[in-house]
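Below: the structure, in structure tokens.
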Amino acid sequence: MDTASGVRASVRVSPAGENHSGEEVVVFELFNGSAPVGIAAVQKDITAPEKITAHFNSVGPNLSVRVFVVDSYSGNLSNVGNNLAEPVAIKPSSYSSSLNLRIMETTDVHTNLVDYDYYKDAPSLTVGLAKTASLIKEARRENPNTFLVDNGDLIQGTPLGTYIATIDGLKQSNAVHPVYKAMNKLDYDAATFGNHEFNYGLEFLDKSIKGAEFPYLNANIYVDDHDNNPDNDANKFTPYQIFDRTYKDEKGQDQKIKVGVLGLVAPQIMDWDKINLEGKVIAKDIVATASKFVPKMKAEGADVVIALAHSGFNGAAQADTFAEDAILPLSKVAGIDAITFSHTHKVFPAADTKSLDGLFKDAKGNPLPGVDNVKGTINGVAAVQAGYGGANLGLIDLKLVQDSGKWRVAGSQSSTRAIYDSAAKKELVQADPAILEAVEAEHRATKAYANQPIGETTAPIHSYFALVQDDPSVQIVTNAQKEYVGNYIATNAPQYKDLPILSVGAPFKAGRNGPQEYTDIAKGPVAIKSASDLYLYDNTLKAVKVKGAVVKDWLDMSAGMFNQINPSLTEEQPLLNPGFQVFNFDVIDGVTYQLDVTKPAKYKPDGSLNDAASSRVVNLQYKGQPINPEQEFIVVTNNYRASGGGNFPGLKGAQLVVDSADENRQVLMDYISGQKTINPSADKNWSIAPVTGSPRVTFTSSPNAVTYLADNPHIKNTNVITDKDFAVYSLDLSGGTRPNPGQPVKVQLLGVNDFHGQLDTTSDFGYGKVGGAAYLATYFKEWRGTNPNTLLVHAGDSVGATAPVSSMERDKPTMEFMNLMKFDVGTLGNHEFDQGVAALRAQINGGPDPKKPDVVYDKANFPYVSTNALDAATGKALFEPYVIKKIGGTKIGFIGVATMSTVNKVSPEGLKGVKLVEQAPVVNQAVAELKAQGVKAIVVLAHDPASVKDNVASGEAVDLANAIDDEVDVIFAGDNHAKVNTIVDNKLMVQAYSYGTAFADVDLEIDPATGDIVTKTAAIVDVKQEGITPDAEVVALINKYLDKFPVLKEPVGTTDTAYARAGAYNGENTLGNLIADAMRDGMQSDFAFMNPGGIRADLPKGNIQFSDLAKIQPFGNTLVKMTLTGEQIKKLLQQQWGKKLDGSPDTKTLQISGLSYTADFSKPIEERVVDLKKADGTPIDDNGAYTVTVNNFMAAGGDNYKVLLEGKNVEVGLNDLDVFYAYITQTFKGGKITSKLEGRITNLNQ
């Protein structure tokens, strides 16, 4: 456990004996002394030993953590469920010294040394190590304790790299590669190799790195000794090095730190550069290699271990599989403190979740498990990736502490800094003159080389639309390759002369590194730079012999570039899959074909099967005839693809017919030189198959593409620019045939319950801030974007017991929010009746509020349904009992029902004119009517409580599920603010806490032929604020009403000291006194009792706002007044002393107002209260009758306060938060808020 910057507690959890089935919950409970002050829970299926870590933003000398492993967890701070292991207590470590170490990373520079685009022959704002150098120097000024590394892919990538490798060749004995001329100026500490370092062979690589004044490290490349014995393999390069560094600690003292650095590269170099590496070296698995060397580094004294891994992130990657992008499993190797990674040209961490690349996110747009974009960690390990071309500098700031003479990492924060602000369109730094001067000669020579003419073009050549239609920028490459292989076969391999030759090309420059990275060659002279623009990589030409079946699979793999399009939708549908690399979008010339994007992709972007039964390739023909799967073809490609790059099916190991050492780019240059004048055009051999209907299909490209729209009338500019500066264009795909009508329709239901108008309320239950209408709106919009067949529902209590920003306008703001969110259907909870039926009808049907006529509601733009709330006079339902929603060509019936406890929870005035009838009969009647109309997919919105404990569900919603027709498929529950995701009587039941802190995501598949739901799954999604941008429309709505009531934004008072909740479980507490006094005052009762588990935050020091009060009482409980005898009050106090399942004490000291007592802990619980009296000192009579105030949670017997179920004259009052707010403002009148210990509780012999 570390407390250097907050609390970071880690445990290792291992299955033992017979494994517990399903998921476990690891619960970390933070204590300040003996009082619990925070809680964090991690839920997952633990099948192997695993390190679990929790973070708390708390500091203090008396902090400790107790850790439980339980079978389920309800969120209750004082009850963590059934233990599956012995709880453990963790106390903080002490340390004598600390220092901050900053690791800096550059990567994938690709010879972009100068801020210059050699292809456009113009300065560039977005690349250049010369500019990164300025960021490096700035970062060093902030913290001199630095360690600068490069993660590879340095010497290839621009005409400068090509010129140095193929023209200059570093022929002079003292020649230094310009990348090292630049880097030596920056005092790099270490570097590792990228895959492109091997493009020019080992000899040139050795010659190049001799100029580096820093060591190169790599551990997973070995000398090929040809003996097939892995035990004696020798490393080709130095695998790791431990650097002795002297850094200043936080006290300014010099400290010796041993920094261990390990180098790793994607093992696929053996495929991609086979011609350069085969027989000379071998490559091994990244994770296995790290697992071998990291323990050695630790044993040799490394205080910090940094893994420099030229590998990317892939959420599906696994250890020991030779994964190309292996950072996820690498982060699980014990002993690694920091990872600098690369290869995929992404940026991690990003500015926010929205900006984070899709590789790091799930289908819903959330970071994948283990990915923390805010802290910049992967599975808790600090990690950074600094993009491409020097556009970013990666930073990892490590907090090191010294424990018993040994240094270790106690905390981290990763970040990236950019050289260019794409949003503001401005440079953030200037190029470093020293770097520019160091490489000036090579820069000038490269410009001269790149501008050498090789031919003419009669028209512009661009790649702006190359991902959506056949394109001249690809066609010219495939033409050149086909001519080369035709000549080669005629001369050198006549045995293949009768086989058809196909040629493969891909749009290498199609926005991979931003909207500026597209080919755009003007009409006129074509130079060497133009050929480099058309063919970006230093690949060598290969040709393979394959059968027609492989050609089709090749194209199906390529078709993964496209998202699946639903032709029946009118909402916008993006066509391009952001997870598919542009260099893997292979076009095969020589055959004709179409791609049906209404079908699912056969392959995933990593080459694994997505849907084996699907194929997007239609009308595949050679010379007008369908291709025979057994027909043989010669297919021209490059060494990357022929060696298995991209994991295209059937290619790795295919028979090589042409194994050329000539570069594809040189083949293209020779072709253009031979033609002298080229007329760029595409033969339109492929296209996207037409789609029935008028789906709104869009794709992204450069804003500069507008220049060519006149030549492409089926493409239109939408005038939308994305947050990454791409322009959005629409693509007309109308016409054609409909998709398979038998395919199940996927429908998504998003549901909330008990929102209670908490528009501006943020809650914090120990795992970060959650809730808030503006954040909920962002989640809804993102989730809706994943499935056009989405319906938004609510299960009651959307209004009532609301936050002041809503309640002060009679909940009109909440109704506006719901209309803004475009809910599809809702039902009534008990709180909908708080203000009476007339007010309820005004809220739903529109019109003036009966009690405050100046508040005029808009009509709800969605229906409310309720079967069992009837008009007492007519016997008819107040609202329609059900509604049918049509979506995706299917029908879903929604039935509404309100809890029978409404009569006990709502005042008689609120229910005047309302009759509640038994639920099951009227629900079954509605089901029968829906079935008669052919509806078989049925959902009940039930404002009924439900709970799950020990995997057993209980509550009114469960009783309903067992009593109603089995045609009901899903029940959305509510009322008791719990988390529920279970199956009851084959009905899926969900409930998502309250206050908009979470929502239920229910995913259905409906058979379009029968209308039946064939699969149903659900997840409860926390509305976490971290990394999420609040929705601007909702923020504006909330601010409109906050501005109307300025008091809500002003401080409600001040404090000279913080009033902490710590200690509330064990005795009298100042904050507890303040809350209990407010409860008693608000309900005008004799006494008040507050359960300590309901006090969820401290009252901070300084200016206090309403939001601070909301954090303290975030549950939206309702106050309840009742009459108890003195004997029952004594029994209530006895019930605060219980026992846990393991027999240990379970004390929940009630915070009280209006009375005092003494408890003698030497006596049995039944005799423990020895002195019970009113605040004025008058004894409380056992037979006397007294009014008491509690919250509805306690009144229902919660926390074992069962005696409260015996209370008489029960009166339901206001929301506890509203009462607390009113008490604070009325009592202290905006001034100093005070509370003190008054001897209300005296504990003896405790």
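Of note:
For every residue, the table says whether it meets (1) of a type in the set (Ser, Thr, Tyr); (2) touching a strand residue (DSSP E or B) at 6+ places or on another chain (Cβ under 6 Å); (3) within 30 Å of SER798 (Cβ to Cβ); (4) crowded, with 19+ Cβ neighbours inside 10 Å.
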site: ILE1165; (1), (2), (3), (4): no, yes, no, no
site: ILE1180; (1), (2), (3), (4): no, yes, no, yes
site: ALA1185; (1), (2), (3), (4): no, yes, no, no
site: THR1189; (1), (2), (3), (4): yes, yes, yes, yes
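- So VAL544, is it β-branched (Val, Ile, Thr), over 29 Å from the mean Cα position of the chain (by Cα) and assigned to a strand (DSSP E or B): yes
- Boolean, THR786 is surrounded by fewer than 22 Cβ atoms within 10 Å (Cβ to Cβ) and within 24 Å of ASP1001 (Cβ to Cβ): yes
- Count of region 779-818 residues which are among the polar types (S, T, N, Q), modelled with pLDDT under 95 and either in contact with a Lys or Arg (Cβ under 9 Å, 6 or more places away or on another chain) or in a loop (DSSP other than H, G, I, E, B) (or both): 6
- Scoring LYS236 on the criteria (1) under 21 Å from THR111 (Cα atoms); (2) at pLDDT 95 or above; (3) surrounded by fewer than 21 Cβ atoms within 10 Å (Cβ to Cβ) leaves a single failure, condition (1).
- Neighbours by Cβ (under 9 Å, 6+ apart or cross-chain): first from region 1-16, at positive phi and in a strand (DSSP E or B); second surrounded by 19 or more Cβ atoms within 10 Å (Cβ to Cβ) and modelled with pLDDT of 85 or more: none
- Matching option when the condition is under 27 Å from the mean Cα position of the chain (by Cα), assigned to a strand (DSSP E or B) and under 27 Å from GLN743 (Cα atoms), among GLN573, GLN564, GLN594: GLN573
- When residues in region 687-736 are screened for being assigned to a helix (DSSP H, G or I) and touching a strand residue (DSSP E or B) at 6+ places or on another chain (Cβ under 9 Å), 7 of them pass.
- Applying the condition of being without any contact (Cβ under 8 Å) to a residue 12 or more places away in the chain and charged (D, E, K, R) to region 430-482 and asking which residue is nearest to ALA682 (Cα to Cα) yields ARG444.
- Failed item, numbered, when GLN430 is tested on (1) outside the structural domain of GLN253 (by TED's automatic domain parsing); (2) at pLDDT 95 or above; (3) of a type outside the set (A, V, I, L, M); (4) in a loop (DSSP other than H, G, I, E, B): (1)
- Taken over region 533-548, the criterion of being buried (at least 24 other Cβ atoms within 10 Å of the Cβ) and small (Gly, Ala, Ser) is satisfied by ALA543 alone.
- Here VAL617 fulfils each of the conditions (1) in contact (Cβ under 8 Å) with a residue 40 or more places away in the chain; (2) more than 21 Å from VAL477 (Cβ to Cβ); (3) among the hydrophobic types (A, V, I, L, M, F, W, C); (4) surrounded by fewer than 22 Cβ atoms within 10 Å (Cβ to Cβ) apart from (4).
- Taking the listed residues VAL504, VAL474, VAL485, the one that is in contact with a Ser or Thr (Cβ under 9 Å, 6 or more places away or on another chain), buried (at least 19 other Cβ atoms within 10 Å of the Cβ) and farther than 27 Å from SER702 by Cα is VAL485, with no other qualifying.
- Residue that is farthest from VAL1169 (Cα to Cα), among those in region 1234-1246 that are of a type in the set (S, T, N, Q) and not in a strand (DSSP E or B): THR1234
- Region 1033-1070, residues that are in a helix (DSSP H, G or I), surrounded by fewer than 17 Cβ atoms within 10 Å (Cβ to Cβ) and modelled with pLDDT under 90: ASP1043, LYS1044, PRO1046, VAL1047
- Residues satisfying the stated conditions in region 666-686, i.e. part of a strand (DSSP E or B) and not hydroxyl-bearing (Ser, Thr, Tyr): ILE678, TRP686
- Selection within region 1223-1239 - of a type outside the set (S, T, N, Q), surrounded by 16 or more Cβ atoms within 10 Å (Cβ to Cβ) and touching a helix residue (DSSP H, G or I) at 6+ places or on another chain (Cβ under 7 Å): TYR1223, ILE1224, ILE1233
- When region 984-1031 is filtered for residues that are among the hydroxyl-bearing types (Ser, Thr, Tyr) and buried (at least 23 other Cβ atoms within 10 Å of the Cβ), the ones remaining, listed by number, are TYR993, SER994, TYR995, THR997.
- Condition check for GLN495 on (1) surrounded by fewer than 18 Cβ atoms within 10 Å (Cβ to Cβ); (2) in contact (Cβ under 8 Å) with a residue 12 or more places away in the chain: one failure, at (2).
- Enumeration of residues in region 880-890 that are crowded, with 17+ Cβ neighbours inside 10 Å and at pLDDT below 95: LYS885, ILE887, GLY888, THR890
- Residue check, ALA212 touching a Leu at 6+ places or on another chain (Cβ under 7 Å), in a loop (DSSP other than H, G, I, E, B) and not polar (S, T, N, Q): no
- Some residue of region 175-196 being surrounded by fewer than 22 Cβ atoms within 10 Å (Cβ to Cβ) and over 30 Å from ARG102 (Cα atoms): yes
- Strands (runs of 3 or more DSSP E) fully within region 1119-1233 counting 3 or more residues that are out of contact with any His (no Cβ under 7 Å at 6 or more places or on another chain) and at pLDDT 95 or above: 1151-1153, 1155-1160, 1169-1174, 1185-1191
- Some residue of region 857-872 being in a loop (DSSP other than H, G, I, E, B), surrounded by 18 or more Cβ atoms within 10 Å (Cβ to Cβ), touching a helix residue (DSSP H, G or I) at 6+ places or on another chain (Cβ under 9 Å) and of a type in the set (Val, Ile, Thr): yes
- Residues that are under 30 Å from SER532 (Cβ atoms), in contact (Cβ under 8 Å) with a residue 12 or more places away in the chain and either in the same structural domain as PHE147 (by TED's automatic domain parsing) or crowded, with 18+ Cβ neighbours inside 10 Å (or both) do occur in region 401-417.
- LYS258 vs. criteria at negative phi, modelled with pLDDT of 95 or more and either assigned to a loop (DSSP other than H, G, I, E, B) or not aromatic (Phe, Trp, Tyr) (or both): yes
- Residues (assigned to a loop (DSSP other than H, G, I, E, B) and closer than 16 Å to LEU1217 by Cβ) located in region 749-776: ASP754, PHE755, HIS756, GLY757, GLN758, LEU759, ASP760, THR761, THR762, PHE765, GLY771, GLY772
- Where a residue in region 20-34 is farther than 12 Å from SER72 by Cα and its partner, wherever it lies, is crowded, with 18+ Cβ neighbours inside 10 Å and of a type in the set (Ser, Thr, Tyr), with Cβ under 6 Å and at least six apart: PHE31/SER64
The values are calculated or read from the model by the stated rules, or taken from the named source; none is laboratory data. Not measured: the values here are computed from a predicted model. We place every Cβ from the backbone using ideal geometry, glycine too, and count neighbours over all the protein chains shown.
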